[in-house]
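Comments concern the structure below.
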4 protein chains.
Amino acid sequence: MKTHKTRLIKIGKDIVIGGKEVQIMAGPCTVENYKYTKRSAHACKQAGAKILRGGAYKLRTIPGTFNGLGEKGLKILRKIADEEKMAVVTEVIDVRDIDLVSKYANILQVGERNMQNTVLLEALGKTKIPILLKRGQSAQISELLYAAEYIARKGNKNIILCERGIRTFEKDTRATLALASVPLIKEMCDYPVIVDPSHSTGKPSLIAAMSKAAIAAGADGLIIEVHPEPKKALCDGFQALVPGEFAKLMRELKPVAKAVGRKL
Amino acid sequence: MKTHKTRLIKIGKDIVIGGKEVQIMAGPCTVENYKYTKRSAHACKQAGAKILRGGAYKLRTIPGTFNGLGEKGLKILRKIADEEKMAVVTEVIDVRDIDLVSKYANILQVGERNMQNTVLLEALGKTKIPILLKRGQSAQISELLYAAEYIARKGNKNIILCERGIRTFEKDTRATLALASVPLIKEMCDYPVIVDPSHSTGKPSLIAAMSKAAIAAGADGLIIEVHPEPKKALCDGFQALVPGEFAKLMRELKPVAKAVGRKL
Amino acid sequence: MKTHKTRLIKIGKDIVIGGKEVQIMAGPCTVENYKYTKRSAHACKQAGAKILRGGAYKLRTIPGTFNGLGEKGLKILRKIADEEKMAVVTEVIDVRDIDLVSKYANILQVGERNMQNTVLLEALGKTKIPILLKRGQSAQISELLYAAEYIARKGNKNIILCERGIRTFEKDTRATLALASVPLIKEMCDYPVIVDPSHSTGKPSLIAAMSKAAIAAGADGLIIEVHPEPKKALCDGFQALVPGEFAKLMRELKPVAKAVGRKL
Amino acid sequence: MKTHKTRLIKIGKDIVIGGKEVQIMAGPCTVENYKYTKRSAHACKQAGAKILRGGAYKLRTIPGTFNGLGEKGLKILRKIADEEKMAVVTEVIDVRDIDLVSKYANILQVGERNMQNTVLLEALGKTKIPILLKRGQSAQISELLYAAEYIARKGNKNIILCERGIRTFEKDTRATLALASVPLIKEMCDYPVIVDPSHSTGKPSLIAAMSKAAIAAGADGLIIEVHPEPKKALCDGFQALVPGEFAKLMRELKPVAKAVGRKL
């Protein structure tokens, strides 16, 4: 099979996803307050990440659990990103919020639960903003590509795909990171692909190995959760790296990227 | 484990889901036109079904495939249901359409792809209309119950759960109908549970056996696709029963219902 | 699809599997001693089961756990079965034990872990004894039929297939009982099919519902674990019915069998 | 989590699995004849592989398909390995063949279908020969470790574990390569772990990416199918690399190994 030449997705002025440089999106699972988000963002930027991740609107499995600060969270995220000279990726979960979230974000994330929310996908297709589309946990690769096509058909081809693990019988990891999807997607379409080692493993101790593996497999980027005080996190703290671990990981990723002809 | 006494969900004046009577929802996958829908509805009613199913808004995996007639479809559905003295169950896929769809339907269906669309769930929770909540194809039972709780917490406890098969490695059936979820749900909550033998098997030849099994397992109802000319159907015709097969099935279900203390 | 006319498998003089009568195999998971096995067997026979199940050789996941009494267990099983006028089904796990186990058993069981142990299958194919072949927990139905063909090609077509649940992401049940395999197998071959509600659910409270569902779906029999003192059982006691529950279940199964044209 | 210091498994005089050097096992799926095996082995050795793989006894899903040359195949394998100064890994499927296969092989492979064949495992535990234990396609990691313990408890701790993909709903790849098992196993025990990119992907075009990813994730070796004329192969030719592709892969793997502190 021939692989496609990867489409370049420009984020802001200086960042390109899909080019030689592997892009790292990092930050807290959720924007909880200025302080934690700032500490996380600053550490991530220092370590080399150019894109700040953080949720302001969250789809949570259990009702009543913390589901984000909403617009207040978006404002915090934007402010910190500007201070740190980072771009922002954050999730949009409601079709009625697209304009609002677009005011603050550089990339809109569609979470795995919404991968086949075609109402949301088509509405996003009518914007120009880059979309990070996460693979549903029970989606075939062909279904992920159909979801992307829902966006693209409406005119927006600024799409980044994300492998974040599938649901299987495995119990030792939160999901099963199906890394073969990375080269497979590159045979099937030209969208860049990033990998989420945090949600897929659910275990900080496995993130470094899976991050290296993702880059070796050809991923165009990673999205990683980093929290300055994971035990105090309001969401998914159990799977976050602390800033020191993240900085170490970034150092270890450089030679792997180089070994496969990329840089970081 | 003790099972809960099942909550009774009243549909219109005469229909109760969760009581002694097993309720059958039947009709075409999608409302394509008056003629097919009428023929299907009439045959279903004659055979004993009291609730007409049919989609006017469809989430389709592949963009560009037929996704329903929208409000025009709702009008057809309502008209035929009134003619046949049936209730209507139909899917709502967009949070902005809830009021519109509620004007025509007696039960609003949340499809499996939207099971964790909490924006939609919470909006439905603010209505009084009965909700048919389908299990996501990779959802744990506990996650289905959390999704129901998203609706219930906002005030609407008129919830009917639906087992429609999960995604597994099996290739011979469209999904794997996990019937043990029926008695399991009855241990965990008091919502009635129905079963979808059409989408779960994807094969007309398996629908009768799975319908009997579902009732024997304690299901409070079934939702079955019936189309007068399956080969001409615009969506999922391959899995529809023809009216004659459906009538035969209804006759065969009666003694099974009776054998487990139910009627039909 | 047309279903095949089911092949009749004769067990001893009086028992037929695959005919109008649904056959129940019941007894303890493992033969632990004369006393428990006798109490279980006697209660099962009184309630209507004609075939006594019980393991003398067990494949256990964890080394060092109780793996059966070996030939001593076979002797206990045979003695009690003769006293109660029951047939015996028991597992063979080692190709070198086939002759030995055949001296005591009426049906040799191949467990799910050995479904593709072609060395064992071919050796069993050279005997005349009926074989109970359990579906592997990750086996497609076509693979189960290929496994049966390994036996049949060597000359032994006395084969009974068993659906015992597949491994999926579900955590609330021990396995996912994929009941659609019952009518599907009947479309694909003529071997009788039985269902194991004990191993598939792993929960006594779900066994009754799944037993009824299995018979309603067309199963030719059931294999159920019954132990007089489950808490003292050396293997899988958590999923055993006590004799009183089993007797109640047998009474409840009769009308279901009748409703689908069978007897029990 | 702390990772264990990996146990060193010595193969013959010169080869160590689990040390700094990543070991490559390569060769045809099955020994078909001298000519193909020789061409494959010679090319693999020239490219840097030190261990020759090839099956003489095969468990095949479909009866009547080619299942190996038996002892004749073992003789061919040994002769060629000696000519090329390679070690031999080959599968044993029958407990009665252990002595025979051990005469010709340096490593005995237990295939995924036999991972819980405790009769075979315990018999192998009584030998001293290194065992390559493949993960069953529906086995939890804990179950793989229990299987290893069946061998170890009888005295043989020369065990190499192999991740070869699990069975999931994915259809685009033969299995789902669950690479997170590599770092996970290293947290749970001290056995070396190798990865099989051939069986897991079933697609030659994905093997290079997954081989790099495996090494980046910390694997101690790879087992790869190489055939000089894949279209003429009697078994699994569709997933074999040709010698030229394999040589290219070996060159590409070197910098990846170096990037994670290994050599190859």
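The values are calculated or read from the model by the stated rules, or taken from the named source; none is laboratory data. Since this is a predicted model, take the numbers as computed values, not measurements. Positions of Cβ are backbone-derived with ideal geometry, glycine not excepted, and every protein chain shown enters the neighbour counts.
Against the criterion of being surrounded by fewer than 20 Cβ atoms within 10 Å (Cβ to Cβ) and touching a residue at least 12 places away in the same chain (Cβ under 8 Å), D:R167 does not qualify. The condition of being more than 15 Å from A:S181 (Cβ to Cβ) and within 12 Å of chain B (Cβ to nearest Cβ) holds for A:Y150.
Of all positions in the stretch C:42-52, at least one carries a residue that is part of a helix (DSSP H, G or I) and among the charged types (D, E, K, R). Screening A:S205 on (1) more than 22 Å from A:L52 (Cβ to Cβ); (2) touching a residue at least 12 places away in the same chain (Cβ under 8 Å) shows it passes everything except condition (2).
Could you go through the stretch C:132-144 and let me know if any residue there is surrounded by fewer than 24 Cβ atoms within 10 Å (Cβ to Cβ) and in contact (Cβ under 8 Å) with a residue 60 or more places away in the chain. Within the stretch C:132-144, not a single residue is surrounded by fewer than 24 Cβ atoms within 10 Å (Cβ to Cβ) and in contact (Cβ under 8 Å) with a residue 60 or more places away in the chain.
The residues in the stretch B:61-91 that are out of contact with any Gly (no Cβ under 9 Å at 6 or more places or on another chain), within 14 Å of another protein chain (Cβ to nearest Cβ) and touching a residue at least 12 places away in the same chain (Cβ under 8 Å) can be counted, and the count is 3. Is there a residue being crowded, with 24+ Cβ neighbours inside 10 Å, over 21 Å from D:K254 (Cβ atoms) and either within 11 Å of chain A (Cβ to nearest Cβ) or not small (G, A, S) (or both) anywhere in the stretch D:208-221? Taking every residue of the stretch D:208-221 in turn, none turns out to be crowded, with 24+ Cβ neighbours inside 10 Å, over 21 Å from D:K254 (Cβ atoms) and either within 11 Å of chain A (Cβ to nearest Cβ) or not small (G, A, S) (or both). Do the conditions hold for A:E252, that is, is it surrounded by fewer than 22 Cβ atoms within 10 Å (Cβ to Cβ), in a helix (DSSP H, G or I) and either without any contact (Cβ under 8 Å) to a residue 40 or more places away in the chain or under 19 Å from the mean Cα position of the chain (by Cα) (or both)? Spelling it out, it is not the case that A:E252 is surrounded by fewer than 22 Cβ atoms within 10 Å (Cβ to Cβ), in a helix (DSSP H, G or I) and either without any contact (Cβ under 8 Å) to a residue 40 or more places away in the chain or under 19 Å from the mean Cα position of the chain (by Cα) (or both). Examine the stretch C:164-175 for a residue that is part of a helix (DSSP H, G or I) and modelled with pLDDT of 95 or more, and state whether such a residue exists. Looking for residues that are part of a helix (DSSP H, G or I) and modelled with pLDDT of 95 or more, one finds none in the stretch C:164-175, hence no. Restricting the stretch D:222-244 to residues that are of a type in the set (A, V, I, L, M, F, W, C) and out of contact with any Pro (no Cβ under 8 Å at 6 or more places or on another chain), the residue that is nearest to the other protein chains (Cβ to nearest Cβ) is D:C235.
Taking helices (runs of 4 or more DSSP H) as the structural unit, those lying wholly within the stretch C:179-240 and holding at least 1 residues that are within 16 Å of C:L132 (Cα to Cα) correspond to C:181-188, C:197-201. Scanning the stretch C:148-158 for residues that are in contact with a Pro (Cβ under 8 Å, 6 or more places away or on another chain) and surrounded by 24 or more Cβ atoms within 10 Å (Cβ to Cβ) returns a single hit, C:Y150.
Every test in (1) within 18 Å of the chain's Cα centre (by Cα); (2) within 7 Å of chain C (Cβ to nearest Cβ) is passed by B:S205 save one, and that test is (1). For the stretch D:57-91, which positions are surrounded by fewer than 23 Cβ atoms within 10 Å (Cβ to Cβ) and among the polar types (S, T, N, Q)? Scanning the stretch D:57-91 gives D:T61, D:T65, D:N67. Consider the stretch B:1-36 and keep the residues that are farther than 18 Å from B:K58 by Cβ and of a type in the set (D, E). The one that is surrounded by the fewest Cβ atoms within 10 Å (Cβ to Cβ) is B:D14.
Residue-by-condition table, conditions (1) hydrophobic (A, V, I, L, M, F, W, C); (2) more than 7 Å from every other protein chain (Cβ to nearest Cβ):
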| residue | (1), (2) |
| --- | --- |
| D:C162 | yes, yes |
| D:K171 | no, no |
| D:P183 | no, no |
| D:V193 | yes, yes |
| D:F246 | yes, yes |
| D:K254 | no, yes |
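If you go through the stretch A:96-147 and keep only what is touching a Pro at 6+ places or on another chain (Cβ under 7 Å) and either under 17 Å from B:V95 (Cα atoms) or within 12 Å of chain B (Cβ to nearest Cβ) (or both), you end up with just A:Y146.
Among the residues of the stretch D:175-196, not a single one is within 21 Å of A:K2 (Cα to Cα) and either surrounded by fewer than 24 Cβ atoms within 10 Å (Cβ to Cβ) or touching a residue at least 40 places away in the same chain (Cβ under 8 Å) (or both).
Under the condition of being under 17 Å from A:I98 (Cα atoms) and assigned to a loop (DSSP other than H, G, I, E, B), the residues counted in the stretch A:148-163 number 5. Among the residues in the stretch D:244-255, are any modelled with pLDDT of 95 or more, over 17 Å from D:L132 (Cα atoms), in contact with a Phe, Trp or Tyr (Cβ under 7 Å, 6 or more places away or on another chain) and of a type in the set (D, E, K, R)? Checked against the condition, which is being modelled with pLDDT of 95 or more, over 17 Å from D:L132 (Cα atoms), in contact with a Phe, Trp or Tyr (Cβ under 7 Å, 6 or more places away or on another chain) and of a type in the set (D, E, K, R), the stretch D:244-255 yields no hits at all. Taking C:I76, is it more than 28 Å from C:D14 (Cβ to Cβ) and touching a helix residue (DSSP H, G or I) at 6+ places or on another chain (Cβ under 9 Å)? No. Checking the condition closer than 22 Å to A:G54 by Cα, assigned to a helix (DSSP H, G or I) and out of contact with any Lys or Arg (no Cβ under 9 Å at 6 or more places or on another chain), which residue from A:L133, A:L120, A:L124, A:L145 passes? Of A:L133, A:L120, A:L124, A:L145, the one residue that is closer than 22 Å to A:G54 by Cα, assigned to a helix (DSSP H, G or I) and out of contact with any Lys or Arg (no Cβ under 9 Å at 6 or more places or on another chain) is A:L120.
Taken together, the residues in the stretch A:183-225 that are hydroxyl-bearing (S, T, Y) and closer than 22 Å to A:H42 by Cα amount to 2. Assessment of the stretch C:14-26 against the conditions (touching a Cys at 6+ places or on another chain (Cβ under 8 Å) and part of a loop (DSSP other than H, G, I, E, B)) yields no matching residue.
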